[in-house]
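Below: the structure, in structure tokens.
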Amino acid sequence: MEYVELRISLKDDFHELLIAELFDLDFEGFEQEDDMLVATIPSKRFDDSKREDIEQKLMIFGLGTVILSEKVIPPQNWNEEWERTIQPQTIGQFYVHPTWSGTGGELGDKIELMIDPKMAFGTGYHATTQVMLEWLPEVISKGDKVLDAGTGTGILAIAALKVGADSAFGFDVDEWSETNARENILLNDVGNFQVKLGSTEVIPKGEKYDVILANINRNALIELLPELVIHLGEGGKIVLSGLLEEDEYVMLEQPVLKDLTHMETRNHLEWIAIMFQA
């Protein structure tokens with residue numbers, strides 16, 4: 001699959017805001033540089049109309065915020081780029097690293113997560129993935145059954161299994177994500193994690209889950225929530241992320257969540273995760 005890479009001149013303070021906007025336009029990969037944001041999107045999802053939409057959004061950030069370059073990247077180049085840029089990191093109780101970096105003797109008492117990303121969201125670098133990972137050991141109880149909506153690399157479900165969950169079911173609409181998650185399942189030697197291509201329609205009918213994780217974006221969450229809540233078991237928890245601080249009120253007002261209890265909201269930089277309980 002080919003990807004389109006946009007290099008956008010933008011002051012660092014506005015990077016997270018624009019990333020949120022681009023998520024909603026199907027962009028999947030981001031690299032933050034000094035006063036520059038590099039964003040990638042599958043070429044089949046990018047056209048003149050979407051480019052014009054982006055240019056309109058850039059106008060709110062003021063003079064000098066423009067698309068500096070646009071180029072097509074063959075799939076093989078993307079993996080090479082990941083290998084150059086993805087570095088090990090400690091996130092809460094987890095030590096996240098790709099296979100090509102090893103642990104460097106820094107694992108200590110941390111829980112190892114080996115994640116080889118392709119184009120899937122969930123490398124551990126984004127603030128929403130970080131806040132979810134930091135929270136997981138408190139959210140997961142031994143024996144939990146977990147549903148991971150928009151599983152990406154599978155990092156959240158794999159982490160949940162490593163802190164005591166009994167089983168996990170993940171789904172994603174992107175083929176590369178399904179393949180990537182399955183590879184990471186093998187790398188981390190976790191069992192009872194099933195991944196399927198598709199959206200909520202692939203969730204096993206009638207299944208109830210103790211924990212539902214959904215790190216996507218606001219618009220997708222609003223669309224998926226009615227179906228996700230159906231699968232939340234009695235006393236179960238649903239944790240939502242891919243949200244900016246200003247999205248909290250919008251989510252708290254969602255009718256489908258009114259029968260649930262808002263337990264807590266946690267933040268990292270401008271991003272938040274919200275937990276509800278049945």
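Cross-linked pairs Lys11/Lys258; Lys110/Lys142; Lys162/Lys196; Lys110/Lys145; Lys11/Lys237; Lys110/Lys237: Cα-Cα separations exceed 27 Å for Lys11/Lys258; Lys11/Lys237. Charges were assigned to the Cβ only: +1 to each Lys and Arg, -1 to each Asp and Glu. The resulting dipole of the chain about its Cα centre is roughly 700 debye. Relative to the dominant Cα principal axis of the chain, helix 175-188 is inclined by about 50°.
The residues of the chain have, on average, 46 Å² of accessible surface per residue, using a 1.4 Å probe with all protein chains present.
Rg and Dmax over the alpha-carbon atoms of the stretch 12-59 stand at 10.5, 30 Å. Note on the stretch 188-265: percent of Cα-Cα distances in each 10 Å bin, starting at 0 and stopping at the bin with the largest distance, equals 15, 51, 27, 6.
Can you check what the Kirkwood hydrodynamic radius comes to for the stretch 152-229, Cα pairs only, in Å to one decimal? Write down the numbers at each step before the final one.
Details: mean 1/r = 0.0770 Å⁻¹.
Here the Kirkwood hydrodynamic radius works out to 13.0 Å.
Kirkwood hydrodynamic radius (Cα pairs, Å) of the chain? Could the numbers behind the result be given before it?
Details: mean 1/r = 0.0520 Å⁻¹.
Computed over Cα pairs of the chain, the Kirkwood hydrodynamic radius comes out at 19.2 Å.
Among the GluC sites (Glu not before Pro) in the stretch 192-278, those located in a DSSP loop and surrounded by at most 12 other Cβ atoms within 10 Å of their own Cβ are Glu207, Glu253. The GNM of the chain, with springs linking C-alpha atoms under 10 angstrom apart, assigns the highest mean-square fluctuation among Ser199, Ser49, Ser167 to Ser49. Over the stretch 137-278, the pair-distance histogram of Cα-Cα distances with 5 Å bins from zero comes to 2, 10, 21, 24, 22, 15, 5, 1 percent, rounded to whole numbers. Were the residues from Asp12 through Glu138 laid out at 0.36 nm apart, the gain over their Cα-Cα distance would be 42.1 nm. On the chain, 47 percent of the accessible area sits on carbon and sulfur atoms, based on a 1.4 Å probe.
Over the Cα atoms of the stretch 107-202, what is the Rg over Rh ratio if Rh follows Kirkwood?
Values: Rg = 12.2 Å, Rh = 13.1 Å.
Using Cα coordinates only, the ratio equals 0.93.
The values are calculated or read from the model by the stated rules, or taken from the named source; none is laboratory data. Just so you know, these numbers come straight off a predicted model, no measurement behind them. Quick reminder, even Gly has a Cβ in these numbers, built from the backbone with ideal geometry, and neighbours come from all protein chains shown. Keep in mind that these areas ignore ligands, DNA and RNA; they rest on the heavy atoms of the full protein, side chains included. Shrake-Rupley method; radii C 1.70, N 1.55, O 1.52, S 1.80 Å.
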